[in-house]
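So the structure is just underneath, and the comments pick up after that.
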């Protein structure tokens, strides 16, 4: 068995998208192109899950920026809080299950700020879709237009200007939010639908054209179409916290 610090998101069965800013997988063109140097604009952040769900952005002014050692010495991608984002086309079923899904990320929010969307899918759908806010007015949300699926919790102490491991899990009607491998909110009875069809997955914003972008950094992000078991999600969290030197809560 590999040690935790070496685990890759794709090593966990079912991973549909894995973004890792510490690996040479960021390019200056949406197809082909050259690897991005630190300080360069990112047109394509390659999916390392093996599913080729690469996230891209062709508009120059809306591309995020790569930093080779921003996350406590680890690579990270910077979003300006305005119109920067990367996205991948695909229906809900491409990335996660409507009733079971897990997202694990290492993210930093720059200072206190009203809106910071980590990712979104079909945010404007009145019956489905989902946005993970990290944060919205100092509150972390696993947010669906259908309020029967929504969960929220106040951001923990020390959230602003610090790298944090953030995980969200849905297992049927149970939704959980975790920070630095510690559960900070769990709710049951959350059976509202988050399914959608032909929309894209957006990273670093909540809609395209942009609306409420993340002002901060993403170092690692993975999506699974199942609710990972407690031991597995902890293993991923701990490995990623070691990579980015996040202290245990």
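Here the calculated FRET efficiency for residue 58 and residue 174, from their Cβ-Cβ distance with R0 = 51 Å, stands at 0.85, rounded to the nearest 0.05.
Ordered by the number of other Cβ atoms lying within 10 Å of each residue's own Cβ, fewest first, 31, 93 fall into the sequence 31, 93. What separates the Cα centres of segment 53-73 and segment 129-183 is a distance of 23 Å.
What do you get when you divide the Cα radius of gyration of segment 77-181 by 2.2 N^0.38 Å, with N the number of residues? Walk me through the numbers before you get to the answer.
Working: Rg = 13.4 Å, N = 105, 2.2 N^0.38 = 12.9 Å.
So segment 77-181 has a normalised radius of gyration of 1.04.
Summarising the label geometry, the points placed 7 Å from Cα in the beta-carbon direction at residue 197 and residue 138 lie 4.3 nm from one another.
Here the extension length gained between residue 247 and residue 11 equals 82.6 nm, from 0.36 nm per residue of separation less the Cα-Cα distance.
Dividing the helix sum by the residues of the chain, where each DSSP H run of 4 or more adds -39500 (n - 2.57), gives a mean residue ellipticity at 222 nm of -2000 deg cm²/dmol.
Taking 0.36 nm per residue of sequence separation and removing the Cα-Cα distance, the residue 127/residue 147 pair yields an extension gain of 6.3 nm. Computed from label points 7 Å out along Cα-Cβ, the spacing between residue 37 and residue 185 is 4.3 nm.
What does the convex hull of the Cα atoms come to per residue for segment 4-243, in Å³? All intermediate terms of the calculation are to be shown ahead of the outcome.
Values: hull volume 25.0 nm³, N = 240.
Considering the Cα atoms of segment 4-243, their hull volume per residue is 104 Å³.
Just so you know, all these numbers are worked out from the coordinates, no wet-lab data involved. This is a predicted model, so every value here is computed, not measured. For neighbour counting, all protein chains shown are included, and Cβ atoms are generated from backbone atoms with ideal geometry for every residue, glycine included.
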